[in-house]
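Please read the structure below before turning to the comments.
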Amino acid sequence: LSKLLLAPMPGLLVSLLVKEKQIIDENQPLAIIGAMKMENIIRSEKKTKIKKINCSEGDSLEVDQIILEFE
C-alpha cells in the first residue's frame, strides 16, 4: 500500500496539488479533501514520484478509494 494514496475518509476531493510524473518531497501537500465542513490536507510520507492520478477535483471519495499511485 505504500505505492498508493488512499482516501482516509469519505468526502469531496477539493484540490489536487500535484501532477503525474511530478517528483514530490517528504511532507509535501498532495490533496485537500473536504469532509464534515472541514478541509483535510493529505501530505506525502516520503520522497517519490507520482505515477498516476486516479481521481479529479470535485470527485466524491469513498474510504480507501485510490487517489494517486506512486512509482
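In the context of the full set of protein chains, the chain has a per residue accessible area of 66 Å² (1.4 Å probe).
Might you report the magnitude of the Cβ-based charge dipole of the chain about its Cα centre, with Lys and Arg at +1 and Asp and Glu at -1, to the nearest 20 debye?
Details: 10 positive and 11 negative charges, 51 e Å.
Dipole size: approximately 240 debye.
In straight-distance terms, cross-link reach from LYS52 covers every one of the aspartates and glutamates whose alpha-carbon lies under 12 Å from its own, apart from those fewer than eight places away in the same chain; here that gives GLU20, GLU69, GLU71.
Of all lysines in the structure, those lying under 26 Å Cα to Cα from LYS47, and not within fewer than 8 positions of it along the same chain, are LYS3, LYS19, LYS21.
Using a simple spin-label model with pseudo-atoms 7 Å out from Cα toward Cβ, GLU26 and ILE41 lie 1.8 nm apart. Here the accessible area of the chain is 51 percent carbon and sulfur, with a 1.4 angstrom probe and all protein chains present.
Note that the chain carries a Kirkwood radius of 11.9 Å, evaluated over its alpha carbons pair by pair.
Couplings for the stretch 7-13, taken from phi via the Karplus curve 6.51 cos²θ - 1.76 cosθ + 1.60 with θ = phi - 60°, read 5, x, 7, x, x, 9, 6 Hz in order; Gly and Pro are left as x.
The values are calculated or read from the model by the stated rules, or taken from the named source; none is laboratory data. None of the values given here were measured: they were computed from a predicted structure. All Cβ positions, glycine included, derive from the backbone under ideal geometry; neighbour counts span all protein chains shown. Side chains included, ligands, DNA and RNA excluded: accessible areas come from the protein's heavy atoms. Shrake-Rupley method; radii C 1.70, N 1.55, O 1.52, S 1.80 Å.
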